[in-house]
Each structure stands twice: as structure tokens, then as C-alpha cells.
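Note sheet for the following structure.
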Amino acid sequence: MIKYRKNIWEFANPNNFLRITNKITPFFIILTIITLSTGIIWGLFFTPEDYRQGSSVKIIYVHVPAAFLAINIYFMMFVTSVIWLIRRHHVSLIAAKSAAPIGFIMTLSAILTGAIWGKPIWGTYWAWDPRLTSFSILLMFYIGYISIWQTMKFSDKIADLSSWLCIIGSIFALMSRYAVFFWDQGLHQGASLSLDKKENIDDVFYFPLLLSMAGFVFLFLTLLVIKIKTEIQKRRLNILLSTGNT
Amino acid sequence: MLFALANKSILLSTSFFVILILTVGIGFGQTGDSSEKTVIAIIWIATALSSLLSIKEMFQNDFEDGTLDFYMLSAATLETIICLKAFTHWITTNLPIIFLIPLISIPLGITFYHSILISLVMLVSTPALSFISTLGAALTLGEKGGNLLLSIFILPTFLPIIIFGMKISILITNSIYDIMAHLILFALSLICLAITPFITSAIIKVHYS
């Protein structure tokens, strides 16, 4: 009989977390491979070309999921940092710490794919458009958060400081976003996918895009779980080494 | 405040500001591009950098000689003390710069009326910079080589104010000017006044936990 779990906080115990994720990780990997490969292959090879953008439209299958993850990973880091500050769950802190480099790479790849797409369509790799500006600001906050972990030695103090930095970053990233959108809506088109709008992109592009987005999300989850597991083992090893019990 | 006067840090930050503006101005002068827009950009960036210069001193000395311990034990709340610290930082670094702006920007090609308006914009927006600076000072408290780290943390958080301020200054030079613009920047300053002391005091308490 399956033991009924009372609440979500039981996952915060590193032992429980490791036991459950050890079972889940292979499924995550399989799901990632299936969704990502079908999404990307369907998107790149079996969709028609856009009548104006030609084949360069196909970069959407990397660009949109990466951008979607870049923003949501920062939001996830904000939530996990707040959980660390309030409830002191180490897994939550490690999740924030491990998610940051992934989010950084996602932001960078969103910017780079956007630049590659922008050259033939807009005629320039980079413009100081509100969306592009707010993404470069997001990149700066990722760099700040990663650099606090890279430069200082791990301690609970640094954990608190990094969580506060993440909270400050999310406040000011949001403020900067509204600051740049205050004046003009810019060159970049609106959201390609939104739940509350009638006018989304055509179904031909929509379903492979959804698949590749799911693929990116599973990729993120897989990487995150593996990184968290590694981090937990590393910290255990450090404790063993420092206490001298082998 | 007295410490800043005794330490001549007012002189330091204002001379840093002047020298930065002159060097960047000379650099732009070589390219032949010395429009009002570039001068405004130079002024804003120089203001942000010169307030960055003196952040480190905000709590560091108090932290090292134990004054901060007494602040935490005293009857006044830590938030009050942080507000006062930010205010003294504003008076000692940003206020002299605001008085300097008309002097230095008229030779660089901004009309007198515009330069007065721009320094008014500065007057309402630079308190936000000082309040945000307390965050960085608290974050890098006790770090020996924290200066680079500090600028990595703090410069992006200056961005909302710099973006709004620069846009409004550009509007002023285009003679599209409205008092509402000042109100937005003043609102930003007030938001920073409302949020940052609490976060800063929480961060300082982390160092003592």
C-alpha cells in the first residue's frame, strides 16, 4: 500500500528527496528525449515555411522555449529563495543555486537565437528594443547571482545573502521591465503563446512548439534534479571530510 | 556626515564626477559626436558611478570598529539608522553633484534652462540611488575584495532609475516637458525609501546571526 504523504514539505528532507528523485530521474530523462526530439524534429523538418519569414521562422522552436524558461527559472529561484529564508529547507536553497546557471544559459541562448533570427528579419542583430533590453537586464541579474556563489565560500551566511540578492534582483528586474516598457512597445512582436488571447500563432506551428516547450521544461527539470542530487552528495562528502569520519 | 566631511569624501566623489565627465566628454569629442543626448548619458552614468564609489564606506567602518553592534543594540530601529545613512550618503555624494551639473553641462552644450531642469530631475531621483546603495553595502559587508562584486550587484539595480531619468532628460532637451515626469522619478525614490531599509536591515542581521 502506498504511504500517504501529509504535505509537500516532506520532500524538503534531503533523504526523501534523493529516494524519490532516484526513482523519477530515468522517467524524466526518457520524457525529455521523447518530447524534445519529436518537438524539434517535427518543428524543423515537417512544418511549412512562413510566407514572410521563410525558413528562419523555425528558430522559434528554440527561441520561445528558452525565453519562457529564462523568465520562469528566475521566478522559481525567487520562490525557492523565499522558502529558504522562511522555512530553512536546504533542498530549496540548493535548487535555487543549481537553477541559476541553467537559467543563465537559457537567457543567453534566447538572446543569441533572437539575434540570429533578427539579422535577416529586422536587418540587425541587436536593437535597444524593450524586450531585448529587459532580457539583457535579466542576464545581468543572473550573472550577479552566480558570481556571489562563485566568489564566496559556502556558508549559511552566504546562502542568506544570495537569497536576498535573488529577491532584490527580482524586484529590480520587474521594475526595469516596466521602466523599459513604459515608453514604447518596441520592435519585438507580442507573446506567441498566451492563454487569454484569441490570436495565437497558427496550429501548424502551435503543436510542435508546445511539444518543444514541454521538452525544454523536462530538460530543465532533469538537469535540475541531477544538479541538486550532485550538490547534496557533495555537501555530505564535505561534511564527512571535515569531521574526519570515514 | 561629519566623518565624510573629515574624510574629505565629498571632495573625492565630486572630483571623481568632474574627472569622469571630462574624460568621457573628451573621448566623445574626438568622435565629433557631442550632441545633448550624449552629454546627458555621460552625466547620468557619471552620477551612478560616483555614487557607486562611496557605497563601500557606508557600513564597512562601522562594521569593523563595532559601531554597528551598538546601532543594533540601541533603542532606534536599524531601519531608521539605515535611512539616516542613506540620507547622509545622498548629501555627501549626490547633492554636490547636483549643484555641479549646471556648471559643467553648460560648457558641454546644454542650455541653461535645460541644465536646471535636468538637475531638478537629478534632485528627485538620486535619493533612490542612495537607498539602493545601502543594499549593496549590506550585501558585501565584511568582504575584503568586495568592490567588484558590489558593482556587479548594484549597477543593474540602478537601471530602472537610470532608464527613467535618461528618458525624461531627453524629453526635457526636446522641450517636451511635463511636471509629471518629475513625479514619476519622485515616486521611484519613495518606493525605494519604502522597500530598501527593511531589506537592508534584514541583510545586516544575517551578518550577525
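Pairing each residue of region A:214-232 that is within 10 Å of A:Ser98 (Cβ to Cβ) with any residue that is among the small types (Gly, Ala, Ser) and open to solvent by less than 40 Å² (accessible area, probe 1.4 Å), provided the two are 6+ apart or on different chains, yields C-beta distances under 7 Å for A:Leu224/A:Ala95; A:Leu224/A:Ser98; A:Leu224/A:Ala99; A:Lys227/A:Ser98; A:Ile228/A:Ala95; A:Ile228/A:Ser98; A:Glu231/A:Ser98. For region A:138-155, which positions are open to solvent by 20 Å² or more (accessible area, probe 1.4 Å) and more than 22 Å from the chain's Cα centre (by Cα)? Answer for region A:138-155, where residues must be open to solvent by 20 Å² or more (accessible area, probe 1.4 Å) and more than 22 Å from the chain's Cα centre (by Cα): A:Thr151, A:Lys153, A:Phe154, A:Ser155.
Evaluating A:Asp160 against the criteria (1) farther than 20 Å from A:Leu108 by Cα; (2) open to solvent by less than 80 Å² (accessible area, probe 1.4 Å); (3) at pLDDT below 85; (4) not aliphatic (A, V, I, L, M) leaves one unmet condition, (3).
Could you pull out the residue among B:Leu12, B:Leu108 that is outside any helix (DSSP H, G or I), open to solvent by 50 Å² or more (accessible area, probe 1.4 Å) and either touching a strand residue (DSSP E or B) at 6+ places or on another chain (Cβ under 7 Å) or in contact (Cβ under 8 Å) with a residue 24 or more places away in the chain (or both)?
Values: B:Leu12 fails: outside any helix (DSSP H, G or I).
Matching residue, one of B:Leu12, B:Leu108: B:Leu108.
Being more than 11 Å from chain A (Cβ to nearest Cβ), in contact (Cβ under 8 Å) with a residue 60 or more places away in the chain and either over 17 Å from the mean Cα position of the chain (by Cα) or surrounded by fewer than 23 Cβ atoms within 10 Å (Cβ to Cβ) (or both) narrows it down to one residue among B:Leu123, B:Leu141, B:Leu117; which is it?
On the way: B:Leu123 fails: in contact (Cβ under 8 Å) with a residue 60 or more places away in the chain; B:Leu141 fails: more than 11 Å from chain A (Cβ to nearest Cβ).
From the options B:Leu123, B:Leu141, B:Leu117, the qualifying one is B:Leu117.
The requirement of being farther than 22 Å from B:Ser133 by Cβ and assigned to a loop (DSSP other than H, G, I, E, B) is fulfilled nowhere in region B:37-48; no residue meets it.
Sort out which residues of region A:149-166 are more than 7 Å from every other protein chain (Cβ to nearest Cβ) and not in a loop (DSSP other than H, G, I, E, B), and write them in order of number.
Here is the first cut: in region A:149-166, the residues more than 7 Å from every other protein chain (Cβ to nearest Cβ) are A:149-150, A:152-156, A:158-159, A:162-163, A:166.
Answer for region A:149-166, where residues must be more than 7 Å from every other protein chain (Cβ to nearest Cβ) and not in a loop (DSSP other than H, G, I, E, B): A:Trp149, A:Gln150, A:Asp156, A:Ile158, A:Ala159, A:Ser162, A:Ser163, A:Cys166.
Is there a residue in region A:87-110 that is more than 17 Å from the chain's Cα centre (by Cα), aliphatic (A, V, I, L, M) and surrounded by 19 or more Cβ atoms within 10 Å (Cβ to Cβ)? Step through it out loud before you land on a result.
Filtering region A:87-110 down to residues more than 17 Å from the chain's Cα centre (by Cα) leaves A:87-91.
From the residues that got through so far, the ones that are aliphatic (A, V, I, L, M) too are A:91.
Next cut, surrounded by 19 or more Cβ atoms within 10 Å (Cβ to Cβ) only: A:91.
Yes - at least one qualifying residue is present in region A:87-110.
With respect to B:Met166, is the statement that it is more than 9 Å from every other protein chain (Cβ to nearest Cβ), of a type in the set (A, V, I, L, M) and within 17 Å of the chain's Cα centre (by Cα) true?
Details: more than 9 Å from every other protein chain (Cβ to nearest Cβ): yes; of a type in the set (A, V, I, L, M): yes; within 17 Å of the chain's Cα centre (by Cα): yes.
It is true that B:Met166 is more than 9 Å from every other protein chain (Cβ to nearest Cβ), of a type in the set (A, V, I, L, M) and within 17 Å of the chain's Cα centre (by Cα).
On the stretch given as region B:188-204, residues that are more than 11 Å from B:Thr134 (Cα to Cα), over 15 Å from the mean Cα position of the chain (by Cα) and more than 9 Å from chain A (Cβ to nearest Cβ) total 1. In region B:176-184, the condition of being under 25 Å from A:Phe135 (Cβ atoms) and either among the aliphatic types (A, V, I, L, M) or assigned to a helix (DSSP H, G or I) (or both) is met by at least one residue.
Residues satisfying the criterion are present in region A:123-137 (criterion: among the small types (Gly, Ala, Ser), surrounded by fewer than 19 Cβ atoms within 10 Å (Cβ to Cβ) and within 14 Å of chain B (Cβ to nearest Cβ)).
The values are calculated or read from the model by the stated rules, or taken from the named source; none is laboratory data. Predicted model, so just to flag it, every value in this text is computed and none were measured. Here Cβ is always computed from backbone atoms with ideal geometry, including for glycine, and neighbour counts include all displayed protein chains. Accessible surface areas use protein heavy atoms only, side chains included; no ligands, DNA or RNA. Shrake-Rupley method; radii C 1.70, N 1.55, O 1.52, S 1.80 Å.
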